[in-house]
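This report refers to the structure that appears directly beneath it.
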Amino acid sequence: MSIAKEIERNYLPVKEQLQHIIDTFNTTGTLIGDGGRNKIKIYKLNEKNINVKSFKIPNFINQIVYNYFRKSKARRSFEYANKLIKLDIGTPQPIAYFENSTPLGLLESYYVCEHLDYDLTYRELVTNSDYLDHENILRQFTKFTWQMHEEGIYFKDHSPGNTLVIKNGNDYNFYLVDLNRMSFLKLDFEARMKNFSRLTPKKEMVKTMSDAYAKLSGDDFEKIFEKMWFYTQQFQEKFHRRKRLKQKLFGKK
């Protein structure tokens, strides 16, 4: 049975309900997405919607690593979410994390947070160049990323589906999800630029983000664009090379 390791204090009165949700995860809840490697489900808890993310059971070696030498993905997600909130960086409110361990290692683990009804993700900006208020959203997103960098946050999975966007009048609020891979350190110029590499293959979007970042940081636009585009191309080449290799070996698209 997966045991609650830590619960946000406002949710302590519903600890038993949370435990029941975890115990019945495989047969209850509303699945989000295709339920691939990790599964995310929505549940109703005291008139609130919550998300429960179930992480795939690690391989045998990682079961030992996550149990004895490194924090589980669920625990890191919970702790990183709390760090982000303290730094005033948006993320869904963390609620709890659960782990099921044996003396041999970690098995299941779960991260629980409040569910956000969002308007779009960054991905919509990539797939639809005519999305309403496209440039304004992109510039505000760049400001959000710059603020992350100023706080010393390097989000390793800064990719199109991992930022939720909520419209707030003429402004937009941004929330990070899929949090288990982050570093907290003073970021140099190279790291800041590389952090944009996974977001979009579109040159015009990179130009807009470069311009917005230059205005915020005071650095030269050409210098920023050259480096941001370099890392974008590097990531795209690596991504497509890996995709071609998978197609060759496994016939996967």
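Could you say which residue among 68, 80 is at negative phi and under 19 Å from the mean Cα position of the chain (by Cα)?
Answer to the check: 80.
From the list 183, 101, the lone residue that is out of contact with any Cys (no Cβ under 6 Å at 6 or more places or on another chain), surrounded by fewer than 20 Cβ atoms within 10 Å (Cβ to Cβ) and in the same structural domain as residue 56 (by TED's automatic domain parsing) is 101.
Quick one: which helices (runs of 4 or more DSSP H) sit completely within segment 176-253 and have at least 2 residues that are of a type in the set (A, V, I, L, M, F, W, C) and touching a residue at least 60 places away in the same chain (Cβ under 8 Å)? In segment 176-253, the matching helices (runs of 4 or more DSSP H) lie at 203-217. Of all residues in segment 1-56, those satisfying the criterion of being touching an Asp or Glu at 6+ places or on another chain (Cβ under 8 Å) and surrounded by 11 or more Cβ atoms within 10 Å (Cβ to Cβ) are 2, 5, 48, 49, 50, 51, 54, 55.
Here's the yes/no breakdown for (1) of a type in the set (A, V, I, L, M, F, W, C); (2) at pLDDT 95 or above; (3) closer than 18 Å to residue 104 by Cβ; (4) in contact with a helix residue (DSSP H, G or I) (Cβ under 9 Å, 6 or more places away or on another chain):
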residue: 3; (1), (2), (3), (4): yes, no, yes, yes
residue: 6; (1), (2), (3), (4): no, yes, no, yes
residue: 20; (1), (2), (3), (4): no, yes, no, no
residue: 23; (1), (2), (3), (4): no, yes, no, no
residue: 35; (1), (2), (3), (4): no, no, no, no
residue: 38; (1), (2), (3), (4): no, no, no, yes
residue: 42; (1), (2), (3), (4): yes, yes, no, no
residue: 54; (1), (2), (3), (4): no, yes, no, yes
residue: 68; (1), (2), (3), (4): no, no, yes, no
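The values are calculated or read from the model by the stated rules, or taken from the named source; none is laboratory data. Since the structure is predicted, the reported quantities are computational estimates derived from the model, not experimental observations. Because the Cβ atoms are built from the backbone with ideal geometry, glycine has one as well, and the counts that use them run over all protein chains shown.
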